[in-house]
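Only the coordinates and a few stated rules stand behind these numbers; no lab work does. Please read all numbers here as calculations on a predicted model, not as lab measurements. Cβ: placed from backbone, ideal geometry, glycine included. Neighbour counts: every protein chain shown.
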């Protein structure tokens, strides 16, 4: 892992370094010493900007959650037939995951061992619930299948999307963000849409 240069240190670069270390070592396996070495600054410099590693975790998972919840506020997620809104949400979830890959990766790895992790899990459940409600609305409108329980469908679609953090690397040529989003939408909605 490369360390940040002392003269380029900012709270944002500290957060970026912390997320990288959390993803490599695990949150519980990361000490303030690990963070200070990776950032190339003293522990006291870190404490000058944050209360500790849990604050860094909260900032990181908040960034991922804000990106996801922001999708639900977009016009295409709020207006129109539920199936079209759902398709927009699924596509945008992929795009946000890729754009915020290290932050979403960290969000998906929290286990509920700290107050921040429990808060993040609760927010993830809230997001999941809102997407499941959108799926139910699309089924009620007759545009998607209603013969599979909506929470199960939501978990399966989220599982497909969330697995992207395990294999997608933006620096590897081959598969682009749009291609991944298109593929997820085609696969998910090919099985969800009712035959016309």
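Side notes on the structure shown:
- The fewest-to-most ranking of 73, 182 by surrounding Cβ atoms within 10 Å reads 73, 182.
- The residue 160 and residue 111 beta-carbon pair, evaluated with R₀ = 30 Å, returns a calculated FRET efficiency of approximately 0.90.
- Gained length - residue 79 relative to residue 179, 0.36 nm times residue gap less alpha-carbon distance: 33.5 nm
- Our analysis of the chain gives Rg over Rh at 1.04, with the two radii drawn from alpha carbon positions and Rh computed by the Kirkwood formula.
- Globularity index of the stretch 148-194, i.e. its alpha-carbon radius of gyration over 2.2 N^0.38 Å: 1.29
- Normalised by residue count, the stretch 1-104 yields a Cα convex hull volume of 105 Å³ per residue.
- Each stretch of four or more DSSP H residues adds -39500 (n - 2.57); spread over every residue of the chain, this sum gives -22500 deg cm²/dmol at 222 nm.
- Computed from the Cβ-Cβ distance with R0 of 41 Å, the FRET efficiency linking residue 10 to residue 151 stands at 0.50.
- Shape of the stretch 85-196, Cα gyration tensor, a/c cut at 1.5: oblate
- Between helix 82-99 and the chain: long-axis angle, C-alpha atoms, 0 to 90°, nearest 10: 20 degrees
- Alpha-carbon Debye profile of the stretch 6-50, log10 I(q)/I(0) at 0.17, 0.18, 0.23 Å⁻¹: -0.39, -0.44, -0.72
- Ranked 48, 34, criterion: other C-beta atoms within 10 Å, fewest first: 48, 34
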